[in-house]
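Below is one structure, written out as structure tokens, with a few remarks after it.
Derivation of every value follows stated rules applied to the coordinates shown; laboratory data play no part. These numbers were taken from a predicted model, which means no experiment stands behind them. Quick reminder, even Gly has a Cβ in these numbers, built from the backbone with ideal geometry, and neighbours come from all protein chains shown.
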Amino acid sequence: MRHKQVVVIGSGDDNNFTDEAYEIGLYAAKKGWVLISGGRGGIMEAASRGANEGNGIVIGILPGHNKDEANKYCNIIIPSGMGYARNLINILSGDVIVSISGKSGTLSELAYAWQFGKPVILCKFSGGWSEKISDYPIDDRKGSAFYPANSLEEVFGYLDKLLGFEQAGN
């Protein structure tokens, strides 16, 4: 059985909304889903901590070549050596993307998600690109896969809808 994969994107230097990122990581772990992020600090570390403390699998796909750059909650570390280009790998790895706040790196991931039709849950409550892009589509492509969420409860509802209600082993 293949595990469903949730990618959490957000700034590595943003310490706002880390409680929410933690709760999303914990929720994913409790559902038996794998959590993937860029493996560094800020939003990525908080989500990784939540998934790790929920006994989940945490994968960090790093921009650099050194595994020591990963946050301490990653179980599996993939050093890409690709810099920001690794954002494409992050997005393609996910069955669902959750975007929290975000700066330019997050914006590039959102553009990749849009181009590849990946479903993205936008945490509008967190500001940054997660809020801005929910009101301004990237282009005129029909069938947006962007889901604006105004609360953690809405994030969890979208995750359940997009990934199914079953927990691992059921």
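Numbers for the structure displayed
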read-out: Backbone HN-Hα couplings from phi across the stretch 52-68 [Karplus 6.51/-1.76/1.60, Hz, Gly and Pro as x]; value: 5, 5, x, 6, x, 8, 10, 10, x, 9, 7, x, x, 10, 10, 4, 5
read-out: Rounded FRET efficiency, nearest 0.05, which uses the C-beta distance separating Q115 from K30 and R0 of 30 Å; value: 0.45
read-out: Per-pair calculated FRET efficiency, R0 = 45 Å: N150 and I76 via Cβ, rounded to 0.05; value: 0.90
read-out: Sequence-distant lysines (8 or more away, or on other chains) whose Cα lies within less than 29 Å of K124; value: K4, K30, K31, K72, K103, K132, K142, K161
read-out: The stretch 17-116: trypsin sites (Lys or Arg not before Pro) falling in loop per DSSP and having at most 12 other Cβ within 10 Å; value: K72
read-out: Kirkwood-type radius of the chain, with distances r between different C-alpha atoms, in Å; value: 15.3
